[in-house]
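One structure is given here, and the rest of the page talks about it.
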Amino acid sequence: MDSLDLIQIFREVARLGSFSAAARAQGVSPPSVSKAVVQLEARFGVRLFNRTTRKVSLTDAGQLLFERSGPMMELIDLTQAALHERATRPSGRLQLTAPHALMQTDLPAMLGRFMQQYPEVALHLHVTDRELSLAEEGIDLAFRVGPIRDANLIVRRLLPIDFVAAATPAYWREHGKPSHPDELRQHVQLAHSLQDRAPTWQFSVRGKPLELALQPRFVTTNVAPLATLAAQGLGVVWGARRALAAHIERGELETALEAFSPTDVWLYVAYMQRRHNSAALRALLEHLDGFGQAFRQAEAQAAVVSAPDAARKTPKSARAPAPPPARSRPRAGRS
């Protein structure tokens, strides 16, 4: 039995003035209460009760322990209640991390909707392209793009990441729209790269990876400026469609090379363990699952809706020839 349990039993004996009454209150036998007090006295090396055949009273040392242990036990009870609340009701603070590129997507808005749904949860988002250690830096959940090699983490796929080349319509008219990634070598490149890596763009050509070495006019360690510069007509950016969506929808950027997007790039969420997570983290994971499912359903619905449009836009020369009209039979003459 640990010290806290022993002190709890000691306080019951002191409060009720009887070993048997304390045993009834704790739902245990009187010998076990007596044994617990003896064990506590042996641990401290001092007698805590004056014992008679009819009652017990506190010694000076016992009075000191009773007075000093009161605030401590109250704090422990409050802490246990708070921990139980964290385990059963979404509340408290979650530490998150995400790369800069995701700040240009709908991830911040999605986290905002989560906070609207759970007003007692506070979020601390560490935005960095450095892969933080969840265990060492106290991170509850990480958003990451690409493979996660840490075998100690629980990893969930959230969303596929589709890449496109994008530039202004005027830029494409002046320089020509590429039909293959190799043609981007002749274009003005606006690229993102970490400080210790040469900038490259990754493509998928007939199911095989293609890495294009770049000589960009503009290179940055943060992807945020790229869409703005591309929208100014300064060159081509190769990036996640979700990060460029606002510029594309406004017609500021026009996409190309969609068919060459890598097929194995996903947005992942990673956390430390499956069991004993707080209610806040469980609620966030459930919220993210719902977000991913809603996105996939919207994508599937968009594909179904766009199918008739694609059929209507198909050139006549590409359509199957219409069958010849059936010839009408000559009417039989009257006899």
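The values are calculated or read from the model by the stated rules, or taken from the named source; none is laboratory data. Since the structure is predicted, the reported quantities are computational estimates derived from the model, not experimental observations. Please note: Cβ atoms are built from the backbone with ideal geometry, for glycine as well, and neighbour counts cover all protein chains shown. Heads up: the accessible areas ignore ligands, DNA and RNA and are worked out on the full protein's heavy atoms, side chains in. Shrake-Rupley method; radii C 1.70, N 1.55, O 1.52, S 1.80 Å.
Could you check region 148-162 and list, in sequence order, the residues that are assigned to a loop (DSSP other than H, G, I, E, B), among the aliphatic types (A, V, I, L, M) and touching a strand residue (DSSP E or B) at 6+ places or on another chain (Cβ under 8 Å)? Listed by number, the residues that qualify are 148, 153, 161. Can you confirm whether residue 74 is within 42 Å of the chain's Cα centre (by Cα) and acidic (Asp, Glu)? Against the criterion (within 42 Å of the chain's Cα centre (by Cα) and acidic (Asp, Glu)), residue 74 qualifies. Of the listed requirements (1) among the basic types (Lys, Arg); (2) under 30 Å from residue 274 (Cβ atoms); (3) without any contact (Cβ under 8 Å) to a residue 24 or more places away in the chain, residue 208 misses just one: (2).
Looking only at region 21-31, residues that are open to solvent by 50 Å² or more (accessible area, probe 1.4 Å) and in a helix (DSSP H, G or I) come to 5 in all.
For region 163-252, please list each of the strands (runs of 3 or more DSSP E) lying entirely inside it that holds at least 1 residues being of a type in the set (Ser, Thr, Tyr). Steps first, please.
Working: elements: 163-167, 189-192, 200-205, 208-213, 218-220, 236-240.
The qualifying strands (runs of 3 or more DSSP E) are 200-205, 218-220.
Looking at region 269-285, which of its residues are open to solvent by 30 Å² or more (accessible area, probe 1.4 Å) and either of a type in the set (Ser, Thr, Tyr) or modelled with pLDDT of 90 or more (or both)?
Initially, region 269-285 is screened for residues open to solvent by 30 Å² or more (accessible area, probe 1.4 Å), giving 272-276, 278, 282.
Of everything in region 269-285, those that are open to solvent by 30 Å² or more (accessible area, probe 1.4 Å) and either of a type in the set (Ser, Thr, Tyr) or modelled with pLDDT of 90 or more (or both) turn out to be 278, 282.
If you go through region 243-259 and keep only what is buried (at least 21 other Cβ atoms within 10 Å of the Cβ) and not aliphatic (A, V, I, L, M), you end up with nothing. When the residues of region 148-170 are filtered to those that are out of contact with any Leu (no Cβ under 8 Å at 6 or more places or on another chain) and more than 30 Å from residue 95 (Cα to Cα), the one that is least open to solvent (accessible area, probe 1.4 Å) is 169.
Elements of the type strands (runs of 3 or more DSSP E) sitting completely within region 32-147 and holding at least 1 residues that are open to solvent by less than 70 Å² (accessible area, probe 1.4 Å) and out of contact with any strand residue (DSSP E or B) (no Cβ under 7 Å at 6 or more places or on another chain): there are none.
Checking the stated criteria, residue 182 turns out not to satisfy the condition of being under 30 Å from residue 234 (Cβ atoms), open to solvent by 40 Å² or more (accessible area, probe 1.4 Å) and touching a helix residue (DSSP H, G or I) at 6+ places or on another chain (Cβ under 7 Å).
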